[in-house]
Amino acid sequence: MVSSPSPLPVIPAEVDHLVVGAGFGGIGAAIKLDEAGERDWLVVEKDDDVGGTWRANTYPGAACDVPSQLYSFSFAPHREWSMSFSPQPEIEAYIQRVAREAGILDRFRFGTRMESAAWDEDALRWRVRLSRAGVAYDVSARTLITGSGGLSEPRLPDIDGIDSFGGAIFHSARWEHSVDLTGKRVAVIGTGASAIQIIPELQKVAGRLDVHQRTAPYVIPRNDRTYSRLERTALRRLPGLGRAYRTGIYWGRELYVPAFAKQPRLAWPAVQMAKLNREKAIKDPDLLRKVTPTFQLGCKRVLISSTYYPALASPNVDLVTDRISAITPTGIVTADATGARTEREVDVIVVATGFQTTEQPIADHITGRDGVNLGDLWRKEGMASYKGTTTRGFPNLFQLVGANTTLGHSSMVFMIESQLAYVVDAIRTMRAHRYAAVEPRQDAQDAWNDDLQRRLAKSVWNTGGCSSWYLDAHGRNTVVWPRSTFAFRRELARWDPTAYDLVAG
Ligand code: NAP
């Protein structure tokens, strides 16, 4: 007898809360909603499993550049990290375990994409169109919680002829594992956080590796190490030790904030560490000059690696600093300062050019009050929300990792947990007081953003002499949180109804 495939799980037509994305944000939201007694929720995820960015980024060398002990939910601490900076497979496995053990996966729908969400002013609900396996589903939800991540949509470079390349070409977050790179001529475009993890791995296998650098980053040593058996046993058996370790790392990281936000001179020790890191590995003065940053440390994300510079100094690697002018079917064409063009033939191109950050792609799918589309609004005025979580004109919309919530120095998991406390408190208050719709007041949102922009104007992210993915097309920094992470936690500790227009239900 031929068994028929098991039917796909039902997508209900109505839920209290619809959560988009099954990464740290979506899973945290599901757990915290359940804990608050809000059980009528659905998480939709376009991929086939939980993990979000930690499922998508499987490139060689993928690992967290925040210390492992800080990179788990405080309510589900992981005691089994193998290294001081955890590799991607361990983080993905951790996320899967947390979701499984929380007993929440029955209300997750995988392979399901949110196509559109529109606020229904009469019903005071979100009307959401989902798609799964080519079938459309309409769901109505009281609240919409987005956990789709700030770094989910690859940003592909606009290079002449890129579509004509005849070899394999793929983005770092869409790694094609079927492509064998052994002995191949490979080019990596970009020298950001992803690229500097990829390059040392490719150097080991590629016949020749061209690294196309537009801006030299600061790279400080990683000092990664495998935990000894004794440490692992102690961390597993003594939860207090893990907590103390986590607390120590947390406060160590917070020391970066004054240097980034107020006084760049305080970053002097890190500048020296980056210099020593370069000089230890690179002896060729010309190469050393090319990898020396020309902006202030912190303006772009500070990278950590102890293997990047040794890889660049290897005989099979060329650092190419001439601008890319085109891609041909056979390689990459660069132009030097005089305009002279050179083609470097390659078999494979790895595009490590980052993500769409200042224009979060999910915004294009959300339409609020008066038919205003969030993507259009943010393109026109720049990303802006209240407390990085709620937005004027978009009632009952809660965004995790929204405007100005990204960090240059510590763990995003901490920020997500702070936001979850705020969202769940809002939902609890809505239920207790029978508010059908809540929406931040324009004056509250403006005051919040004016304060942020005032602080950012003095910060290294805005004044450090670089261009970065923190700044939008208007030159406004709509990505970075410019204060300590504990200030963020304090600001979001309780939902603040006085900052909202409230509609009774
Ligand atoms: P990224 O930091 O935005 O770096 C993109 C790189 O591509 C930069 O070097 C950029 O040069 C270059 N680039 C962009 N367009 C280019 C073009 N047209 N031609 C030549 N070069 C071009 O992206 P990412 O490395 O993927 O990292 C993004 C973020 O992901 C990180 O900042 C971090 O927050 C996160 N991440 C985290 C980890 C982790 O361990 N937790 C690991 C990887 C990534 P310019 O500098 O000149 O713009």
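Only protein heavy atoms count here; on that basis, with a 1.4 Å probe, HIS409 has an accessible area of about 10 Å².
By the Cβ-Cβ criterion of under 4.7 Å, the unpaired cysteines of the chain are CYS64. Annotation: per residue accessible area for the stretch 133-278 equals 51 Å², rounded to a whole number [probe 1.4 Å, protein chains only]. For the set ILE324, ILE220, solvent exposure ranked by accessible area (probe 1.4 Å, protein chains only) runs largest to smallest as ILE324, ILE220. Solvent-accessible area of the chain (1.4 angstrom probe, protein heavy atoms only): carbon and sulfur portion equals 53 percent.
Solvent-accessible area of MET273, all protein chains in place: 80 Å² (probe radius 1.4 Å, heavy atoms, ligands and nucleic acids excluded).
Estimated from helices alone, the mean residue ellipticity of the chain at 222 nm is -9000 deg cm²/dmol (sum of -39500 (n - 2.57) over DSSP H runs with n ≥ 4, per residue).
Which entries of LYS280/LYS458; LYS204/LYS283; LYS275/LYS458; LYS290/LYS380 show an alpha-carbon separation above 27 angstrom in the structure shown?
LYS280/LYS458; LYS290/LYS380
With every protein chain in place and a 1.4 angstrom probe, the accessible-area ranking of TYR71, TYR309, TYR245, largest first, reads TYR245, TYR71, TYR309. Taking the longest Cα principal axis of the chain as reference, the axis of helix 239-254 is set at about 70 degrees.
If a/c stays under 1.5 just call it rounded; otherwise compare a/b with b/c (prolate if a/b is bigger, oblate if not). Do that for the stretch 170-294, with a ≥ b ≥ c from the square roots of the Cα gyration tensor eigenvalues. Since a/c reaches 1.5 but b/c is at least a/b, the shape of the stretch 170-294 is classed as oblate.
Against the empirical 2.2 N^0.38 Å (N residues), the stretch 49-152 has a Cα radius of gyration ratio of 1.33. In the chain, the longest principal axis of the Cα atoms and the axis of helix 24-35 are about 30 degrees apart. 3J(HN,Hα) along the stretch 345-354: 6, 9, 8, 9, 10, 9, 9, 10, 9, x Hz, from the Karplus curve 6.51 cos²θ - 1.76 cosθ + 1.60 with θ = phi - 60°, whole Hz, x for Gly and Pro. Rounded, prolate or oblate, given the Cα gyration tensor of the stretch 2-96, with a/c below 1.5 counting as rounded? In terms of gyration-tensor shape, oblate.
Of all beta bridges DSSP finds with both residues in the stretch 12-134, what is the antiparallel percent, to the nearest 5?
Percentage antiparallel, nearest 5: 60.
If you count only protein heavy atoms and use a 1.4 Å probe, how large is the accessible surface of LEU151, to the nearest 10 Å²? Near enough 70 Å² of accessible area.
Antiparallel as a % of all DSSP beta bridges within the chain, to the nearest 5? Of those bridges, close to 50 percent are antiparallel. By the gyration tensor of its Cα atoms, with a ≥ b ≥ c the square roots of the eigenvalues, what is the shape of the stretch 385-447: rounded for a/c under 1.5, prolate for a/b over b/c, or oblate? Oblate, since a/c reaches 1.5 and b/c is not below a/b. Using a probe of 1.4 angstrom and keeping all protein chains present, the accessible surface of the stretch 395-505 works out to 38 square angstrom per residue.
With only Cα atoms counted, the chain has Rg and Dmax values of 23.5, 74 Å.
The values are calculated or read from the model by the stated rules, or taken from the named source; none is laboratory data. What you see is a predicted model, and the numbers here were worked out from it, not measured in a lab. Glycine also receives a Cβ, built like all others from the backbone with ideal geometry; neighbour counts cover every protein chain displayed. Just so you know, the surface numbers come from the protein's heavy atoms only, side chains and all, with ligands and any DNA or RNA stripped out. Shrake-Rupley method; radii C 1.70, N 1.55, O 1.52, S 1.80 Å.
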